[in-house]
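Only the coordinates and a few stated rules stand behind these numbers; no lab work does. These figures come from a predicted structure and were not determined experimentally. Reconstructed Cβ throughout: ideal geometry from the backbone, glycine too, with neighbour counts over all protein chains shown.
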Amino acid sequence: MSELPKTYYVTTPIYYVNDAPHIGHAYTTTAGDVLTRWHRQRGEDVWYLTGVDEHGTKVQRAAEAGGVTPQQWVDRLVEESWRPVLDTIDAKNDDFIRTTQDRHMERVQKFWDVVRENGYVFSAPYEGPYCVGCEEFKFPADLVPGTGEFDGEMVCAIHGRPPEQLSEDNWFFQLSAFTQKLIDHYEANPNAIRPQSAYNEVISFLRGGLVDISMSRSSVKWGIPLSWDGSQVVYVWFDALLNYITATGYGSEPGTPEAELFAKVWPANVQLVGKDILRFHAVYWPAMLLAAGLQPPQQVFAHGWLLVGGEKMSKSKLTGISPDLIIDHFGSDAFRYYFMRAIAFGQDGSFSWEDMSARYTSELANGLGNLASRATAMVGKYFEGKLPVDSAPTTVEANIQTLLAETVANADACIDELDFAGAIGHVRAFIEHINGYVTEQEPWVLAKSEETHDRLASVLYTVCESLRAIAVLYNPVMPKAMQNMWVAIGAQEALGEIADQDLTEAGAWGQLPAGVAVTKGASLFPRLVEPEVENS
Ligand code: MSP
C-alpha cells in the first residue's frame, strides 16, 4: 500500500460553552489560524480543527441557572457566539466539532470500548475533591489557602473556590500503566512538549508517578453514556479530548473518506493549549491514545495566559473582554497582529487598549500603511500608474534583495518554533529598512530631473517588489489588509491569488513584472477614531 502524504494537522482546545467567548479563547484560535495559514502558504496540505466542549457539570449548571435544558443552552450559545467569533477573528478552520454531534458521541463510545477491551478500564469507588470550574478531581498539592470569603479553606489555585467533595462508584482508567511509557516517549521526543518550561513541568509530574483516574461519572447526566453501563457518562475531559480524533474520522470504516482523513492527519502535528490544561493534553491524552493503540501527538504547545490585573482573564471572574469590543474598533487584522506580536507565545501577557492603539498607529498605520500608500501614489504620479522597469539598480538595491532573502528564511524558521512575535519582528525590521531606504533615496527629489529618471524607476520598483514580498509574509497574520495591498500593487493581476503564493519563495526577487497597474487603494490601516469617554 502506498503511503499517504501526512497532512499538517493543528488543533485548538475545544471551548466550554458555559458562556460566550472572550479574547483568551480568541487568542488560541488566532495563533492556530496564523500557523495553519502559514503552512498552507508553504504549499502543505493542512487541516485546522477547532470546536466546543458541551458536556459536563459546568455547562449543565449554566443551563440550569439560565432556566433552559443543556441542549437548548449549548445550541443557542454555539450558534449565537461561538461560531460567529470565528468570522469575527477571520479564522479559516477546516472543521468545527461539537461534542454533542453524533459523529463524536459514537466514536467516543467506540474508543472507550477499545480501551476497555485492551484491559485498561476497571470499576472502583471514588471519593475526592472536585473543582467544577476545572472539571477535575484535585490532588492536595493542587489546592492553595483561600482568601476573602474562603479564608481558612483550601481552594482551587485557578478558580479561587473550594472544590466539592464527590463520592461515587466509577469506572477507572488505568493511567498508572503509562508512567514509564510516557517518560520514555518524552525523553526520546523532547519537542513533543513546548516550550521547555512546559516540558519540564510534565516530566516532573510524570516522575512523581501516575495514579489511576476515574473516567466516568454517575452523578452527571449531561454527557455520553458508557456503552457497557448506561448509568454512567464519560468524564467530560475523557469525552472532550477525543474530539481531536473523532472529528477527523477515528473508528470509521476502512476505505471511507473519513478513514482516509484520519490516516492522513494523525498523529496531530501541533496541539495548542493554554498552560492550564497542559496536564490533560500531555499526560492523560497521550496515555489514552497509547491505551487504544494510537500514537501520541507530535507536539503539544502550551501558551501563556492573557492576564487582567495579574490574573488569568476569565468570565467567571468577570474579567473577560469580548473580541467584538476590540475588533469593532481596530479590525480583525490588527487584533491578530497585536496578539501575535506583543506577547511571546508561551508566556503570559496583558492586553492594554493604549498599547494596542500605540502599536496600531506606529507599526501598522505609519509603518506599513504609509509605505504602501506613498509608493503606490508615487507610481501613480511619476509613471502613470504603471510599475516602472528596474532600470538602474545599485548595490543598495542588491543589499535589499539579500536582506529580503534572509528575512524570509528567518521568519519561516521562527514559525517552525511557533515564535510568532519573532517572525513578525523579522518582517517589521525589513519594513523599517525599506522605509529608511525611501527616506534616503528621496524619490520625490529624483523625480525632479530627467537624468535621475532611471534611478527613480529602480527605487519605486524596489519598494513595490518589497511590498509584494511583505504582503505574502504577512498574509497569514493580516489576510484582509494584505489582500488589499496585493491588489494595489498589481500583484493580483500579475501573480494570481495571494493565498497561492509560496511563502518559502517570497524572497525570490523580481516576481512583480514591470508594467502592472499600480493603484492607490483605500488606506490599509485607517486612522483610529478613539471612542469618546464620557466625563462624569
Ligand atoms: N473545555 C476545556 C478544553 C478541552 S480540550 C479537549 C477548557 N475550555 S476553556 O474554555 O476553559 O478554555 C480553553 C482554552 O481557552 C484554554 O486552554 C486556552 O487555550 C484558552 N483560554 C481561556 N482563557 C484564557 C486566557 N485568559 N488567556 C489565554 N488563553 C485562555 O479548558
Item checked: Fraction of antiparallel bridges per DSSP, the chain only, in percent to nearest 5 -> 55 percent
Margin query: Can you give me the angle between helix 420-441 and the longest principal axis of the chain, using Cα atoms only, in degrees from 0 to 90, rounded to the nearest 10?
Written below: 10 degrees
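Nothing charged except the Cβ atoms of Lys and Arg (+1) and of Asp and Glu (-1): what's the magnitude of the dipole of the chain about its Cα centre? Round to the nearest 20 debye.
Values: 40 positive and 70 negative charges, 23 e Å.
Rounded to the nearest 20 debye, it is 120 debye.
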Checklist line | Over 25 Å between alpha carbons, listed pairs LYS58/LYS312; LYS221/LYS275; LYS58/LYS138; LYS275/LYS315; LYS138/LYS312 | finding: LYS221/LYS275
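With the contact rule set at Cα under 8 Å and sequence spacing of 6 or more, what percent relative contact order holds for the range 353-505?
Working: 123 pairs, mean separation 41.2, N = 153.
Taking the mean separation of contacting Cα pairs over the length of the range 353-505, I get 27 percent.
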Check: Which value, in debye to the nearest 20, describes the size of the charge dipole of the range 170-239 about its Cα centre when Lys and Arg Cβ atoms bear +1, Asp and Glu Cβ atoms bear -1, and nothing else is charged?
Finding: 120 debye
Next item on the list: Evaluate the distance, in nm, between pseudo-label points positioned 7 Å from the Cα of ASN399 and of GLU168 along their respective Cα→Cβ axes.
Entry: 7.0 nm
Item checked: Alpha-carbon Debye profile of the range 353-505, log10 I(q)/I(0) at 0.15, 0.18, 0.20 Å⁻¹ -> -0.79, -1.13, -1.36
Checklist line | Folded to 0 to 90 degrees: helix 196-207 orientation relative to the chain principal axis, Cα | finding: 10 degrees
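GLU149 to THR319: FRET efficiency via 1/(1 + (r/R0)^6), r the Cβ-Cβ distance, R0 22 Å, to the nearest 0.05?
Working: r = 18 Å, r/R0 = 0.80.
Once the sixth-power term is evaluated, E becomes 0.80.
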Notebook entry, point to check: Using 1/(1 + (r/R0)^6) with R0 = 30 angstrom and r between the beta carbons of THR361 and PHE205, what's the FRET efficiency to the nearest 0.05?
Noted result: 0.10
Item checked: Positive-end residue of CYS414, PRO476, SER357, charge dipole of the range 353-505 with Cβ unit charges -> SER357
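Using +1 on the beta carbon of Lys and Arg, -1 on that of Asp and Glu, and nothing else charged, what's the dipole of the range 353-505 about the Cα centre, debye to 20? Intermediate results must be reported in sequence, preceding the final value.
Numbers: 9 positive and 23 negative charges, 119 e Å.
In total the dipole reaches around 580 debye.
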Margin query: As an exercise, use a Förster radius of 56 Å and the Cβ-Cβ distance of SER197 and GLU493 to find the FRET efficiency, rounded to the nearest 0.05.
Written below: 0.70
Checklist line | Values of log10 I(q)/I(0), in the order q = 0.09 Å⁻¹, for the chain under a Debye, Cα-only, solvent-free model | finding: -0.72
Check: Net charge near SER458, counting Lys/Arg +1 and Asp/Glu -1 over other residues with Cβ under 10 Å of its Cβ?
Finding: -2
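Quick one: compute the contact order of the chain, relative version, from alpha carbon pairs under 8 angstrom and 6+ residues apart, as a percent. Intermediate values should be presented prior to the final figure.
On the way: 850 pairs, mean separation 80.8, N = 536.
RCO, the chain: 15 percent.
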Notebook entry, point to check: With the dipole of the range 69-180 worked out from charges on the C-beta (+1 for Lys and Arg, -1 for Asp and Glu) around the Cα centre, which of ALA141, ILE97, TYR130 lies farthest toward the positive end?
Noted result: ILE97
Checklist line | Qualifying chymotrypsin sites (Phe, Trp or Tyr not before Pro) for the range 302-399 [loop in DSSP, other Cβ within 10 Å: at most 11] | finding: none
Checklist line | Ratio of the Cα radius of gyration of the range 246-319 to 2.2 N^0.38 Å, where N counts its residues | finding: 1.45
Notebook entry, point to check: Excluding VAL52 itself, what net charge comes from residues whose Cβ is under 13 Å from its Cβ, given Lys and Arg +1 and Asp and Glu -1?
Noted result: -4
Item checked: Distance (nanometres) between label positions extended 7 Å along Cα→Cβ at ASP276 and ARG83 -> 2.7 nm
Check: Which whole-angstrom value gives the distance between the alpha carbon centres of the range 435-483 and the range 279-340?
Finding: 38 Å
Note to self: Using a Cα-Cα cut-off of under 18 Å, which lysines could be cross-linked to LYS92, ignoring same-chain neighbours fewer than 8 residues away?
What the structure shows: LYS480
Notebook entry, point to check: What nm value, rounded to one decimal, do you get for the distance between ASP75 and HIS433 when each label is placed 7 Å out toward the C-beta?
Noted result: 5.7 nm
